[in-house]
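Just below is one structure, and these are the notes that go with it.
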Amino acid sequence: MKKMFEQYLSAIDPAVLRRKTEELTAIEMGQTFRHYRKAIEYISRTMKESGLSDVEIMDFPADGKTAYCDMIMPIAWDASVGKLSLLKPAPGENAVLADFQEHPFHLVKGSVATPPEGVISRIITEQQVLAGEDPAGALVMLESLTSPRRPVIRPILDMGALGFVTDFLTGRYNTPDSVQWVNAGAETLDWHVTAEDRPFIGFSVSPRTGDLIRQKANRGNCKVLVQCDGKRYEGKLPLVTGIVPGRQKKEVWLIAHTFEPLLDDDSSGVIAGIEIARQIMLKGTPEYTLRLVFAMEVYGYAAYVASRGENLKNEVIGGCNIDTLAGFDHCSLELHGAGPAVPFIGNKLMKECYDELNSFLPLTFSTEEYYDDNWISDPTVGVPTLWAFCNGSGYWHNSIQCDPKSIAWEKFHKNTAFVSTLMERILNYTGPAPEREQFEIKEISSPWREYADQMIFARKTTGFPHSLARIPLEQRRVLPTILYGPFSNILCNMDGKKSLARLILEAEAERNTVISESEIRKLAGAVNYLADWGYLEIIQRQEITKDDITTSLKQLGITAKDTLLVHSSVASCGYIANGAETVIDAIAGLADTALFASFNYPFIHLGSGVNKNWWFRPFDPADIDAVWTGDIPKTVLRKYPEAIRSRHVTHSWVGLGKHAAECLADHAPCDPPCGITSPLHKALERNGKILFFGTGLGPTTFLHYLEDQANLPGLGTAICRVRESDGKLKTVLIENHLPGDRDFYRHDAENCKFFRRAVTEGLEIKNVALGMGTLQLIDIRQLYTIGMKLVQEDPRILMRDEQPLK
């Protein structure tokens, strides 16, 4: 093997590797679909010149709509102008802050056009937005550690911003004048802008420029000229493939992704892949056919897999991904085996290469993974794939990765020789078929594991759930991470026979980790969600029905005369057939009146602190997504036209039933949130009850009513932003609000000071199990009587011991 490696090292010309890598990067640098086409044509030409057979460019829709293997294809994009300029630069100061023609990374892919003359706008900072500055028509300068992703972009666009400016950069302190390549300012779960994304204009600037912009914006005088001719359109997404024919038609793949315009990531992989194929071809006909596939990361491979008929286990024995084969001086070549679900001899051969050759170059043998393009190791696709990549640079999508002086070219040369050695061994392997690797299973028991043991599912679709393309946009959820976490192992091992509990144990063994109870609960919710939308076939699962819920409510003592304050968590009980609607129908169908907490977070100042939280949204009753108290109140607002919502800016309630209007009518927008005009007081007058549907006692908002009535010193002033019917924002002040923390804000609130003492004083908390959760009921009159006594005896009883009173 050492001799083989040395032969490849001698045969491969490092100067050619470097020259072609630089040429490809220079083409891809433009990052538009015009440049994508030119890059694919360059790669195709290079493959043909190297002697590969059946070289073919394949086109797929780039319409932002079409999905392959649950990955929505990007929408095509083009631009030639993207410029951000100060209107009034200081003397000697460069007016141009960002310019696509100077460096294409300055314009975020997917940005849309201004009029030809541009638009005059202002830049405000992220902190100014969170403190209540109206971003309508403005560019928002993000904080240096805020990644320009969905959690930030969505609320910025919701509030009418023109777009954003980012100086987020991995390695920022070593490269203060570098610029991040921002793949896209996507609002969805995708890595690219699709047809579902709203228009925006985004700029990426260096940390040095970002600091300058924030300084100017903080002084309130950052007026800019924004110019862009970006265009989204329905185009074509190309990839290229070709082969080195073998004695057998069965294939071994060598893959490296395109369209990421960096020398190491991944122009180096593409060029090395072609050279590896050429060198193997020079040695004669291999046993298996070598297929090169160069495509857009993740998405291009989804399209190619679909074009081949999806499950390829009978056509392809495995592959190797060489994403980022070049790197920096201090990097090692990190070797990852294919995920264990599909046995692959490549894992064994890679380990043998590591053992034999780690004295020739720095190597690290790492875990077996399914991430990035290695998702094709998923058994529904059937191409178990190794990954050899140069790791440890400390940079990611940083423009320094486009600088030839930053790349350790000699190391790239050795890495290419190493993969050539590995691929020759795989392509000519004729030994026994590999068996699946066995891992030591460590049995663990817990309540949620026992629940998961009753759940059995089978896969129904090809590839990992990624874009959730079959689910309407407004109903898509963020799932536990699949590509980079144990959920991938669970899905890969899912066979319609093993319970979810068993799959979790296998994933833990394969990844040498332990999954927490809270994560198991999320995983259980995720597989149920995927089953409901047709990604998984239900073999066995426990379902909670409306009748089950009604029975539990009656066991608590709820009657048709009751007025209920409801705090709810659907997920905590396990799978409920038809979800939130079933819960709502059961509660509203039994009680006289049900009031559901539908709180918002419009705070720009609360107590002594300025808001720094992206939960912030100006209060707008039409913005149901801004409600943060769970799916049930959102569902009431969306699907129950008879529902009535109070007008309060932060602590509104939404009601169903005979006395809902009466309970909600008096709560004015800027009243104290928990005062005598609130639904809390009305529920007390009606001798109502508090229902905790799986939440525990932590969200007992009624305790704040006690604070208000006793005028405790923990109350304070809130300043909020409200969107009026004409779209304009106004600032409102709310007295007797609820700054700071409370001792009962915890998952085990029954153990807080208040509830321990209240129970001693005679407070009755009724409990009834429902699935994995517990329903609890408290009589409001009893809570008020005992609670007022306790807060008058000890004004600090609701506060954390370390929290000062003001």
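The values are calculated or read from the model by the stated rules, or taken from the named source; none is laboratory data. None of the values given here were measured: they were computed from a predicted structure. Note: ideal-geometry Cβ built from the backbone for every residue, glycine included; neighbour counts use all protein chains shown. Heads up: the accessible areas ignore ligands, DNA and RNA and are worked out on the full protein's heavy atoms, side chains in. Shrake-Rupley method; radii C 1.70, N 1.55, O 1.52, S 1.80 Å.
Checked against the criterion of being charged (D, E, K, R) and closer than 23 Å to residue 192 by Cβ, the candidates 287, 275, 234 yield just one match: 234. Hey, any hits in segment 321-337 for a residue that's touching a Pro at 6+ places or on another chain (Cβ under 7 Å) and among the hydroxyl-bearing types (Ser, Thr, Tyr)? Checking segment 321-337: at least one residue is touching a Pro at 6+ places or on another chain (Cβ under 7 Å) and among the hydroxyl-bearing types (Ser, Thr, Tyr).
What are the pairs with Cβ atoms under 6 angstrom where one residue, in segment 704-723, is at negative phi and the other, located anywhere, is open to solvent by less than 10 Å² (accessible area, probe 1.4 Å) and part of a strand (DSSP E or B)? Sequence gap at least six, or different chains. Here the result reads 716/737; 718/734; 718/737, each pair linking segment 704-723 to a residue that is open to solvent by less than 10 Å² (accessible area, probe 1.4 Å) and part of a strand (DSSP E or B).
When you scan segment 617-644, how many residues do you find that are in a loop (DSSP other than H, G, I, E, B) and either small (Gly, Ala, Ser) or open to solvent by 20 Å² or more (accessible area, probe 1.4 Å) (or both)?
The first filter runs over segment 617-644 and keeps only residues in a loop (DSSP other than H, G, I, E, B), leaving 617-618, 620-623, 627-630, 640-643.
After this cut, where a residue has to be either small (Gly, Ala, Ser) or open to solvent by 20 Å² or more (accessible area, probe 1.4 Å) (or both) as well, the list is 617, 620-623, 628-630, 640-643.
The qualifying residues number 12.
If you go through segment 305-339 and pick out every residue that is more than 13 Å from residue 361 (Cα to Cα) and open to solvent by 10 Å² or more (accessible area, probe 1.4 Å), you end up with 12. Residue count for segment 300-309 satisfying the condition of being at pLDDT 95 or above and either farther than 26 Å from residue 33 by Cβ or not in a helix (DSSP H, G or I) (or both): 1. Of all residue pairs spaced 6 or more apart or on separate chains, those with beta-carbon atoms under 6 Å, a first member in segment 553-573 that is in contact (Cβ under 8 Å) with a residue 24 or more places away in the chain and a second member that is among the basic types (Lys, Arg) are 556/766; 562/689; 563/686; 564/689. Residues that are closer than 30 Å to residue 348 by Cα, modelled with pLDDT under 95 and polar (S, T, N, Q) within segment 438-479 comprise just one, 438. Within segment 66-90, the residues that satisfy the criterion of being open to solvent by 10 Å² or more (accessible area, probe 1.4 Å) and either among the acidic types (Asp, Glu) or farther than 13 Å from residue 303 by Cα (or both) are 70, 75, 78, 80, 81, 83, 85, 86, 87, 88, 89, 90. Scanning segment 674-697 for residues that are surrounded by 17 or more Cβ atoms within 10 Å (Cβ to Cβ) and in contact with a Lys or Arg (Cβ under 7 Å, 6 or more places away or on another chain) turns up just one, 684.
For beta carbons closer than 9 Å, sequence separation of 6+ or different chains, a first residue in segment 141-164 that is crowded, with 23+ Cβ neighbours inside 10 Å and a second that is in a helix (DSSP H, G or I) and of a type in the set (S, T, N, Q), the qualifying pairs are 141/128. Considering 284, 273, 242, the condition of being over 29 Å from the mean Cα position of the chain (by Cα), small (Gly, Ala, Ser), crowded, with 20+ Cβ neighbours inside 10 Å and closer than 23 Å to residue 10 by Cα is satisfied by 273 alone. Only a single criterion out of (1) at pLDDT 95 or above; (2) open to solvent by 20 Å² or more (accessible area, probe 1.4 Å); (3) in contact with a Cys (Cβ under 7 Å, 6 or more places away or on another chain); (4) of a type outside the set (A, V, I, L, M, F, W, C) is not satisfied by residue 701, namely (2). The set of residues in segment 726-766 that are in contact (Cβ under 8 Å) with a residue 24 or more places away in the chain, within 25 Å of residue 573 (Cβ to Cβ), open to solvent by 30 Å² or more (accessible area, probe 1.4 Å) and of a type outside the set (A, V, I, L, M) comprises 745, 746, 747, 748, 750, 766.
Take the conditions (1) more than 29 Å from residue 275 (Cα to Cα); (2) open to solvent by less than 20 Å² (accessible area, probe 1.4 Å); (3) of a type outside the set (S, T, N, Q); residue 43 misses just one of them, which is (1). Looking across segment 645-659, the residues that are open to solvent by 40 Å² or more (accessible area, probe 1.4 Å) and more than 10 Å from residue 594 (Cα to Cα) come down to 645, 647. Contact map, segment 446-474: first residue of a type in the set (A, V, I, L, M, F, W, C) and part of a helix (DSSP H, G or I), second residue at pLDDT 95 or above and open to solvent by 30 Å² or more (accessible area, probe 1.4 Å), Cβ cut-off under 8 Å, separation 6 or more or different chains; pairs are 448/517; 448/521; 448/772; 473/196. Checking each residue in segment 219-248 for being farther than 30 Å from residue 95 by Cα, touching a residue at least 60 places away in the same chain (Cβ under 8 Å) and among the charged types (D, E, K, R) picks out 234, 236. Could you tell me which numbered condition residue 209 fails, if it satisfies all but one of (1) over 27 Å from residue 619 (Cα atoms); (2) in a loop (DSSP other than H, G, I, E, B)? With (1) over 27 Å from residue 619 (Cα atoms); (2) in a loop (DSSP other than H, G, I, E, B) applied to residue 209, the lone miss is (2). Do we find a residue being charged (D, E, K, R) and modelled with pLDDT of 95 or more anywhere in segment 360-371? Scanning segment 360-371 turns up no residue that is charged (D, E, K, R) and modelled with pLDDT of 95 or more.
Do we have residue 516 as within 25 Å of the chain's Cα centre (by Cα), at pLDDT below 95 and of a type in the set (S, T, N, Q) here? Spell out how you get there, then give the answer.
Numbers: within 25 Å of the chain's Cα centre (by Cα): yes; at pLDDT below 95: no; of a type in the set (S, T, N, Q): yes.
Here the answer is no, as residue 516 does not meet what is asked.
Have a look at 93, 133, 126 and point out the one that is surrounded by fewer than 17 Cβ atoms within 10 Å (Cβ to Cβ) and of a type in the set (Asp, Glu). Please lay out each step first, then the result.
Details: 133 fails: surrounded by fewer than 17 Cβ atoms within 10 Å (Cβ to Cβ); 126 fails: surrounded by fewer than 17 Cβ atoms within 10 Å (Cβ to Cβ).
The conditions single out 93.
Restricting segment 784-798 to residues that are among the aliphatic types (A, V, I, L, M) and farther than 14 Å from residue 760 by Cβ, the residue that is most open to solvent (accessible area, probe 1.4 Å) is 788. All of 530, 553 fail the test of being part of a helix (DSSP H, G or I), touching a strand residue (DSSP E or B) at 6+ places or on another chain (Cβ under 9 Å), surrounded by fewer than 23 Cβ atoms within 10 Å (Cβ to Cβ) and among the hydrophobic types (A, V, I, L, M, F, W, C), apart from 530.
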